[in-house]
Every structure is written in C-alpha cells, then in structure tokens.
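**Q** One structure, pasted below without further comment.
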Amino acid sequence: MYDVIIVGTGFGGITTSALLAKKGYRTLTLEAANELGGCAGKFERQSFRFQAGATLGMGFEEGGIFSQLFHELDMSVPPVHSLHTVMDVHFSERTIRYYQQKERWFEEIALQFPKDSGAIVRFFEEMFSLADALLSFIYKRPMIPPKTMKHIFEVIQKADRKLLSATPFLFQSIAKRLQHYGIRDETFIAFLNGQLVDSVQTTIEHCPALLGAVALSIFHRGAFYVEGGLATVVHALAQRYKQLGGELRMREKVISIRKERHWLVTTNRKQTYEAKHVVFNGSVHSIFAILDDSIKRSFSIREEKEKKRPAWGAFTIYMGVDDDFQTDSLYHQFIIDKTKPMSEGNQFLLSTSAPFDRQMAPLGKRSITISTHTDPLRWWDRDAYDKKKNVLAKHILKHVHETFPLTNIHVQLIGTPVTFARFTHRAFGKVGGYIPNGPFSLLSTHTPQTNVEGLWLCGDTVFPGAGSLSCALSGWIVADAIAMVK
Ligand SMILES: Cc1cc2nc3c(=O)[nH]c(=O)nc-3n(C[C@H](O)[C@H](O)[C@H](O)COP(=O)(O)OP(=O)(O)OC[C@H]3O[C@@H](n4cnc5c(N)ncnc54)[C@H](O)[C@@H]3O)c2cc1C
C-alpha cells in the first residue's frame, strides 16, 4: 500500500510527488500521457521540439517559487535565462516593448503614453505594492479560501500587516482601479487586457484587483526563457522524484477512484492500487468521470455546476522554421483589433525558441508555439472542425507573416481543444483554470483540500490558479497539508 497516489504530472502533481518523496512518503505517480507535464509538456517532430502550451517561465528569481522549490529539494535550477524584454506587443500601428526591469518599463510607458504616463506609472506602482502584500502571504502557502476552522486559524497566523493594507482592494476590479487613476487610453487598456487574458483568463472589468496586481507585476519580479522549454523543469522534478524513491508510471490512465477502508485507484491497465491519500492533478471538472458515485454524493463540489464553469480552450500552431527573426525578443503578442475580444485569433502569443537552444531546434532554425484563447465548446462538431481549424490558422498566420517573413517552414502542426482534451486529459479541452467572473470570484475558487478525507486537488483549477508557478504552489500546499495529517 502507498501513502499517497498522485494522479497526473502537471506542474501541480509533480511538485506534490517530489516534495512528498523528499519527506519519505511511499508515493506512486500515475500519468495517462506519453509525456510528462500536461499543458506545460513537450513533443518532438522531425528535429524540432515543441512546447505544447506554456512557454514563458516565472518564479526562478531569487526568492521565487521555483528557486525555493529547488532549494527545498536540494536540486540546482535548470538552465534559465532572465529576459530583458519580456515580450513585444504588436498593434496594427505600433509595437510596445514590455521590459522586465521596472525602471525601463516606466521609460517605455513615458514614450508610448506621454499624456497618461504619470497616472499609468502610479497605477503600476499600486499594482506592485498590492502584489507584494499578496505574494508575501501566498508564498507562506496557506490553504485558501479557508473552509474549516483550522484553515481560518492558519490564515490569521500567516496574515501580516501588509496583507491587511490590501483588504480595501479585495472586491474591486482592475477597471475600477483604472477609473480611480483616470486612465482611459484605448491602446493601454488593450495592452492590459492582452496581459490579463493571457495570465488570469479575463479582462479588466472582470479581473479582481488582487489577481490582476499579481499578473501585472509577476514578470517584473522575474521573466525567464527556460532552455529546452518549461517541460525541462517538469523533467528535472520527475528525475529528482525518482531519485528520492518515488514510483512513476507513464501511459497509465486512472479510470476510477473509490474508497473502501483505503483509497482504491484503478487504471486502464487493469491495475488497482491502494493508498491513504489521493491527489488529483487533472482539472476539477474532469474528476467526476472517474470518481465513484458514493464519493460524488458527499463531495462538496457539485458535478453539474462544475462542468458548466466557464474556461477557455487553446488553439495552437507549432512551427519549425528557418531562423529569419530580425529581433532579439523571443515572445511576441499580437493584438489585431483593440476593440474586439482578446480571443479567437484577435490576440495571440508567438513564442520562439532561443537561437542558441539546440534542445529545441537545429542550428539556424527555430521552434515556434503560437497560442490563442478559444471557446472550447465550439470545437466538437466534427463536420465543421476542419474548416474552423483552417480559417483560424490562416487568419493568425496572415498576421504573423506580415511581421515575420518565415520563408522556410519545415514542420507545421495545429492543436485545438480536441487535441488538448486528448493529450492532457482535460474534459472538453478546457485549459488555464476557470475564468474569473468579477471582483468576488476569489471567493468561489476551490481549496486544494477537499471535504472528503484523504482526497486532495492541485493544478490550475484550484487556488492559487493558472500558470506553472501557481500550479507548483498548489502542489506544495497539498504536500504540506498531507505531511500535517497524523
Ligand atoms: C496554450 C497555453 C499557454 C500557456 N502559457 C503559459 C506560460 O507561458 N507560462 C505559464 O506559467 N503557464 C502557461 N500556461 C498555463 C500552464 O501551462 C498551466 O496552468 C499548467 O501547466 C497546468 O498545470 P496543472 O498542474 O494544472 O496540470 P496539467 O497541465 O493539467 O496536467 C495534468 C496532468 O494530469 C494527467 N492526467 C489527467 N487525468 C489523468 C488520469 N485520469 N490519469 C492519469 N493522468 C491524468 C494529464 O495527462 C496531465 O499530464 C499556458 C497554458 C496553455 C494551455
């Protein structure tokens, strides 16, 4: 019998696995796919490596989550490169260079928005100090939102004066803060919407100020290119996990989770494993397909409600190309029409491998991942599928070609929510966590500890939400909590 079975090797799951193995627990990690890492995984075609979804690294700076995690696991940080330019943001009439260093970014603001620059800088300063208050609390890894007396007590213990100063902003949106500063510039608001939709899945009106503050300051704490892609980090964690005695089984999909005296986890290989705890790293809306009815009945998360929770899907284009890039920026966001929604190809992120990265592409070539947000539910009509796919790809590539020549394309592949559902086992291909629905949405996030004893959740559909950094943090919160159970 195992102490803990971890289902999935996304950033959340692999973090829990490695930390529990380090603490001496007998663990088994089961991964349905061929590759580790889920949305932050990779795949290879011809001589190129492609990042399936996530491309931009965060949290590798001193004191950042990954630096802390690697320290905790006695590992060295895999090769990462701090980005001077986080990304170029291309509008039809101009390009904004988004710098990592605060002072350099404020200079760019003065150049791009001379009329509003004072107000915009004050807005960013407010975002930075709010994020500071929130992150110094979140990095203490509290169980949030608190659902039991124990959690409430823990939150009180971990909260400090800095956090209290953030409470007036708790139920405000980013739009409200912009109003406060009198900022109305259409291009700046489109810039913010592009950044926010990419990190917290929504735009200024529906984005809680605290969440937005973290999203708008995180790159200024540290933005990184990871050699070999973000999957390299997952692989390093998996390797450490195995070194520490953890068991990892690939291509073994969990098809049922039930409880008798202990938890019983059955896989598609007709194996049933027993454990005291189960950690589910798939998305919460995907758990119902494998959770036994008796558990579902006592589960505080309701199936019908959960399945209807709005989330985005991803439409991706992967290309292996000749290195025709005349720019030193590795990441390029395109916003085609500022007045239209930041999805379905109107906003997309193009990430290229670094010219020196031989794990990603041969000399003189680059690997590219392009991604845009899409409604995941519009991809399941078989008859319309190919047409939709081709129309969206053509639209995106037209805009890419206008900026970059890309003369020789050696490989080109397309991913849709159907592809993500297949390879990351997320129902309907919903990715990136749930879409916040307003300033109060922080209250409706799920806590990693469920109300069912011994059943835990980690990944981007539970607190603290989307992104490799947040998922690793949720995995760490789960490992801490399991270690506290007698
Ligand atoms: C297109 C795109 C771009 C992104 N860009 C960035 C970025 O630049 N930077 C960033 O930090 N984040 C980015 N993100 C977000 C980030 O990738 C995700 O939030 C994060 O990787 C999700 O991790 P997770 O822990 O939720 O697990 P997931 O990635 O969902 O992985 C879960 C794993 O569990 C496995 N699994 C599920 N069910 C079962 C089962 N029944 N049995 C066995 N195994 C199972 C899956 O196969 C999968 O490997 C992006 C996401 C997408 C989709």
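The values are calculated or read from the model by the stated rules, or taken from the named source; none is laboratory data. Nothing here was measured: the structure is a model prediction, and the numbers come from that model. Glycine also receives a Cβ, built like all others from the backbone with ideal geometry; neighbour counts cover every protein chain displayed. Side chains included, ligands, DNA and RNA excluded: accessible areas come from the protein's heavy atoms. Shrake-Rupley method; radii C 1.70, N 1.55, O 1.52, S 1.80 Å.
**Q** Accessible area of Asp381, 1.4 Å probe, to the nearest 10 Å²?
**A** About 80 Å², ignoring ligands and nucleic acids.
**Q** Kirkwood Rh over Cα pairs of the chain into Stokes-Einstein at 10 °C, 1.306 mPa s: D in µm²/s?
**A** 69
**Q** Moving to a separate point now. Give me a comma-separated list of calculated 3J(HN,Hα) values for segment 135-143, in order, Karplus coefficients 6.51, -1.76, 1.60 applied at θ = phi - 60°, integers in Hz, x for any Gly or Pro.
**A** Per-residue couplings from phi come out as 5, 5, 7, 4, 5, 7, 6, x, 8 Hz.
**Q** About the Cα centre, and with charges only on the beta carbon of Lys, Arg (+1) and Asp, Glu (-1), how big is the dipole of the chain? Nearest 20 debye, please.
**A** Around 1440 debye, computed over the chain.
**Q** Once the mean 1/r over all distinct Cα pairs of segment 139-288 is inverted, what Kirkwood radius in angstroms do you read off?
**A** After inverting the pairwise mean of 1/r, the radius is 20.0 Å.
**Q** Right, here's the next one. Once you list every other residue whose beta carbon is under 10 Å from the beta carbon of His285, what net charge do they have if Lys and Arg are +1 and Asp and Glu are -1?
**A** Net charge in that neighbourhood comes out at +4.
**Q** Sort 10-20, 267-277 for me by packing, meaning the mean count of neighbouring Cβ atoms within 10 Å per residue, highest on top.
**A** 10-20, 267-277
**Q** Follow-up question, since we're still on this one. Taking all protein chains together and a probe of 1.4 Å, list Lys305, Lys296 from the most accessible to the least accessible.
**A** Of Lys305, Lys296, the descending order of accessible area is Lys305, Lys296.
**Q** For a quick check of understanding: with a 1.4 angstrom probe and all protein chains in place, what accessible area in square angstrom does Val80 have, to the nearest ten?
**A** 40
**Q** A follow-up question, please. For a quick protection proxy, order the peptides 22-29, 248-255, 109-116 by their average other-Cβ count within 10 Å, most packed first.
**A** The densest-packed peptide leads the list: 22-29, 248-255, 109-116.
**Q** Would you kindly derive the ³J(HN,Hα) couplings of segment 86-95 from the backbone phi angles with the Karplus curve 6.51 cos²θ - 1.76 cosθ + 1.60 (θ = phi - 60°), listing them in order in whole Hz, with x for Gly and Pro?
**A** Coupling constants for segment 86-95: 5, 6, 9, 10, 9, 9, 4, 9, 6, 10 Hz.
**Q** Leaving ligands, DNA and RNA out of it, report the carbon-plus-sulfur percent of the accessible area of the chain at a 1.4 Å probe.
**A** Solvent-exposed carbon and sulfur of the chain make up 53 percent of the total.
**Q** Heavy atoms only, 1.4 Å probe, whole protein assembly: order Met1, Met58 by accessible area, highest first.
**A** Met1, Met58
**Q** Could I ask something else about it? Along the charge dipole of the chain, which of Val254, Tyr225, Pro341 sits closest to the positive end, that is, farthest toward it, with unit charges on the beta carbon of Lys, Arg, Asp and Glu (+1, +1, -1, -1)?
**A** In the chain, that residue is Val254.
**Q** Which net charge results for the neighbourhood of Ala33, defined as the other residues with beta-carbon distances under 15 angstrom from its beta-carbon, given Lys and Arg at +1 and Asp and Glu at -1?
**A** Computed value for this residue: +3.
**Q** Loop only by DSSP, 16 or fewer other Cβ within 10 Å of the Cβ. Give me the trypsin sites (Lys or Arg not before Pro) in segment 346-395 that pass, ordered by residue number.
**A** Arg358
**Q** In the neighborhood of His373, defined by Cβ-to-Cβ distances under 10 Å, what is the net charge if each Lys or Arg adds +1 and each Asp or Glu adds -1?
**A** Around His373, the charge tally is -3.
**Q** For the chain, give me the percentage of DSSP beta bridges that are antiparallel, rounded to the nearest 5 percent.
**A** So the antiparallel bridges amount to about 75 percent of the total.
**Q** Projecting each Cα onto the charge dipole of the chain (Lys/Arg +1, Asp/Glu -1 at the beta carbon, about the Cα centre), which of Thr403, Leu135, Ala384 comes out farthest on the positive side?
**A** So the residue we want is Ala384.
**Q** Mean separation of Cα pairs under 8 Å and 6+ residues apart, divided by the residue count of the chain: what relative contact order is that in percent?
**A** Contact order relative to length: 25 percent.
**Q** Additional query: Using just the helices of the chain, give the 222 nm mean residue ellipticity in deg cm²/dmol: DSSP H runs with n ≥ 4 each add -39,500 (n - 2.57), and the total is spread over all residues, rounded to 500.
**A** Result for the chain, helices only: -11000 deg cm²/dmol.
**Q** Per residue, how much accessible area does segment 310-427 show when a 1.4 Å probe rolls over the protein heavy atoms, in square angstrom?
**A** 44
**Q** Quick check on my link table: of Lys305/Lys340; Lys115/Lys338; Lys307/Lys398; Lys147/Lys296, which ones sit more than 24 Å apart, alpha carbon to alpha carbon?
**A** Pairs exceeding 24 Å: Lys305/Lys340; Lys307/Lys398.
**Q** Would you please name the GluC sites (Glu not before Pro) within segment 119-209 that are DSSP coil residues with at most 14 other C-beta atoms within 10 Å of their C-beta?
**A** When the GluC sites (Glu not before Pro) of segment 119-209 are filtered for loop state and at most 14 Cβ neighbours within 10 Å, Glu205 remain.
**Q** So, in nm, how far is label Ser444 from label Lys307 when the simple model puts each one 7 Å beyond its Cα toward the Cβ?
**A** That separation, rounded to one decimal, is 1.8 nm.
**Q** Now for a separate question. Over the heavy atoms of His395, what accessible area does a 1.4 Å probe trace out, to the nearest 10 Å²?
**A** Accessible area, nearest 10 Å²: 70 Å².
**Q** Enumerate the calculated ³J(HN,Hα) couplings along segment 223-234 in order (Karplus 6.51 cos²θ - 1.76 cosθ + 1.60, θ = phi - 60°), each rounded to whole Hz, writing x wherever the residue is Gly or Pro.
**A** After applying 6.51 cos²θ - 1.76 cosθ + 1.60, I find 10, 9, 9, 9, 4, x, x, 4, 4, 4, 5, 4 Hz.
**Q** Please list Ile301, Ile336 from largest to smallest accessible area, probe radius 1.4 Å, with all protein chains kept in place.
**A** Reading off the accessible areas and sorting them downward yields Ile336, Ile301.
**Q** Hey, with R₀ at 60 Å, roughly what FRET efficiency would Asp328 and Thr272 work out to, going by the Cβ-Cβ distance, to 0.05?
**A** Plugging the Cβ-Cβ distance into 1/(1 + (r/R0)^6) gives 0.65.
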